[in-house]
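Below: one structure, written as structure tokens.
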Amino acid sequence: MDAKNPIGSFLKTQRRAAGLSQREFALRSGLGLRFVRDLEQGKETVRLDKVNQALHMFGHHAVPGRTSE
């Protein structure tokens, strides 16, 4: 998993394992295709509510946590 973009990497892996294209995932999750692409490519500024909407497709959600140094 990409340490700089763990959420995008996780979603990409899960999406592929589910056999979904980015377009199919966007449609099923109710998100825009551009958002899905940006998230998977590591865009640093994304809306947390939309990130959680994407994660919800695989039974996950983002929570506050400590960073490891």
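Throughout, read-outs are computed from the coordinates displayed, never taken from laboratory work. Predicted model only: the values in this text are computed from it and were never measured. Note that we place each Cβ from the backbone using ideal geometry, even for glycine, and neighbour counts take in every protein chain shown.
If I ask for residues that are closer than 20 Å to LYS4 by Cβ and of a type in the set (Gly, Ala, Ser), which ones from the stretch 14-58 would you list?
Selection gives GLY42, ALA54.
Working only within the stretch 13-46, note down all residues that are within 11 Å of the chain's Cα centre (by Cα) and among the basic types (Lys, Arg).
The answer is ARG15, ARG37, LYS43.
Any residue that is without any contact (Cβ under 8 Å) to a residue 12 or more places away in the chain and touching an Asp or Glu at 6+ places or on another chain (Cβ under 8 Å) - is there at least one of those in the stretch 27-38?
no
So which helices (runs of 4 or more DSSP H) are wholly in the chain and hold at least 1 residues that are aromatic (Phe, Trp, Tyr) and surrounded by 12 or more Cβ atoms within 10 Å (Cβ to Cβ)?
6-17, 22-29, 33-40
Taking only pairs six or more apart or across chains, which ones have beta-carbon atoms under 8 Å, a first residue in the stretch 40-61 that is without any contact (Cβ under 8 Å) to a residue 12 or more places away in the chain, and a second residue that is hydrophobic (A, V, I, L, M, F, W, C) and not in a helix (DSSP H, G or I)?
ASN52/ALA62
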